[in-house]
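Everything below concerns the one structure shown next.
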Amino acid sequence: MEKYYGIAAIAGICVLVLFMGVMKQRSAVAVMVAFALRIFAGAIGICIVNKLLESQGIAVAAGINPVSLLTVGTLGISGFALIYAILFYRFL
C-alpha cells in the first residue's frame, strides 16, 4: 500500500510542476476558464456520444465522474478520445 502512496506523491509533484510552468506563461484566470470550458464541453460530449452509441445498440458508455472530467479537462479532445479508446479496448 505504501508503494501506491509513493506513486501518488510523484504524480502529484509532476502535476504541480507542470501547473507552475503553465501559470508562468499565461494568467491563472485564463487557464482556469479554459479548463472549465473543456470540462463542460467534455461532459456534454460524453452525454451525446453515450446516447449515440446506445441508439446504435453498442453497449459502451463512459461515465461522467471526476476522473473522466479531469482527463477531458486536462487533455481536451485527445482525453475524450482516450476515454472511449479504453472503453472500446475493454469491449473487445
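How do the pairs read when you match residues in the range 62-77 that are more than 13 Å from residue 35 (Cα to Cα) and without any contact (Cβ under 8 Å) to a residue 24 or more places away in the chain with residues anywhere that are open to solvent by less than 70 Å² (accessible area, probe 1.4 Å) and not in a loop (DSSP other than H, G, I, E, B), using Cβ under 9 Å and keeping only pairs 6 or more apart or on different chains?
63/46; 63/50; 64/42; 64/43; 64/46; 64/47; 64/50
Quick one: is residue 5 among the aromatic types (Phe, Trp, Tyr) and open to solvent by less than 60 Å² (accessible area, probe 1.4 Å)?
no
On the basis of being surrounded by 15 or more Cβ atoms within 10 Å (Cβ to Cβ) and out of contact with any Leu (no Cβ under 6 Å at 6 or more places or on another chain), does residue 39 make the cut?
no
Could you tell me which residue of the range 42-92 is surrounded by the fewest Cβ atoms within 10 Å (Cβ to Cβ), considering only residues that are within 30 Å of residue 19 (Cα to Cα) and of a type in the set (Ser, Thr, Tyr)?
In this case the residue turns out to be 78.
Could you figure out which of (1) of a type in the set (A, V, I, L, M); (2) touching a Leu at 6+ places or on another chain (Cβ under 9 Å); (3) over 16 Å from residue 74 (Cβ atoms) isn't true of residue 48?
(2)
Tell me, yes or no, whether the range 48-58 has at least one residue that is modelled with pLDDT under 90 and either over 14 Å from the mean Cα position of the chain (by Cα) or in a helix (DSSP H, G or I) (or both).
yes
Kindly provide the set of residues from the range 16-35 that are open to solvent by less than 100 Å² (accessible area, probe 1.4 Å) and either closer than 17 Å to residue 67 by Cβ or not in a helix (DSSP H, G or I) (or both), ordered by number.
Scanning the range 16-35 gives 27, 35.
The values are calculated or read from the model by the stated rules, or taken from the named source; none is laboratory data. Computed from a prediction, not measured in an experiment: that's the story for all the values here. Note that each Cβ is placed from the backbone with ideal geometry, even for glycine, and that neighbours are counted across all protein chains shown. The protein model used for the area step is the full one, side chains on, heavy atoms only, and it has no ligands, DNA or RNA in it. Shrake-Rupley method; radii C 1.70, N 1.55, O 1.52, S 1.80 Å.
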